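Report on the structure given below.
The values are calculated or read from the model by the stated rules, or taken from the named source; none is laboratory data. No experiment lies behind these values; they were computed from the predicted model shown. Reconstructed Cβ throughout: ideal geometry from the backbone, glycine too, with neighbour counts over all protein chains shown.
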Amino acid sequence: MELSQSVVPLERIYLLVLTHEAYLDLHSHIQGSYPVEACGILLGRSESGMALVTRVVPLRNVRESRTEFWIDEKEWMEKILHAGRLGLEYIGLYHSHPDGDPLPSPSDRHRMLECPGEVWLIVGYGSGRFDTAAYRVGDDGYSLFSLPVKISKG
């Protein structure tokens, strides 16, 4: 492992864009995990305040719960390091809120503060809905900043 390489994005992100393929993979993973919260990592590249997610990689929700998720940190790190060898940057995490809204829960907020550079994509899923919202810790270091989410065409 190269110690000079950061796991967290080095620049502040103000816009999250998913490729159409990444969006379809995200939808498939969340739909297949329902009613358990799905979770995974967002990979791609960031530049000039925009993060382009070209790949989503599922992680196992070790809690297997419909109301919370927890990842295996070893699995998370292995997948991030593998992505780095492929030239992909770690952007952040995603998870679903089955039959809920894409708003950070109190535990989401607490965990987001632990890694302030990460983007968190939350998906409210169920009953035909697939609502996305993205957040990161604000520039002040303690509030949450809501990011616009766009899906690229093609």
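Here are a few things to note about the model shown:
- Region 37-57, residues that are out of contact with any Leu (no Cβ under 9 Å at 6 or more places or on another chain) and either of a type in the set (S, T, N, Q) or crowded, with 17+ Cβ neighbours inside 10 Å (or both): 37, 48
- Residue in region 81-93 that is of a type in the set (A, V, I, L, M), part of a helix (DSSP H, G or I) and farther than 23 Å from residue 150 by Cα present: yes
- Near pairs, Cβ below 9 angstrom, 6+ apart or cross-chain, from region 32-49 (more than 19 Å from residue 112 (Cβ to Cβ) and among the basic types (Lys, Arg)) to any residue that is surrounded by fewer than 15 Cβ atoms within 10 Å (Cβ to Cβ) and modelled with pLDDT of 95 or more: 45/87
- Scanning region 105-112 for residues that are within 22 Å of residue 22 (Cα to Cα) and surrounded by fewer than 18 Cβ atoms within 10 Å (Cβ to Cβ) turns up nothing.
- Only residues that are within 13 Å of the chain's Cα centre (by Cα) and closer than 15 Å to residue 12 by Cβ were counted in region 37-51, giving 1.
- Evaluation of residue 8 against (1) more than 13 Å from residue 118 (Cβ to Cβ); (2) modelled with pLDDT under 95 (one fails), failing number: (1)
- Within region 103-114, residues that are under 10 Å from residue 136 (Cα atoms) sit with their Cβ atoms under 8 Å from residues that are loosely packed, with under 15 Cβ neighbours inside 10 Å and not aliphatic (A, V, I, L, M), at 6+ positions apart or across chains, in these pairs: 113/142.
- Positions within region 81-127 being among the β-branched types (Val, Ile, Thr) and within 15 Å of residue 45 (Cα to Cα), in sequence order: 91, 119
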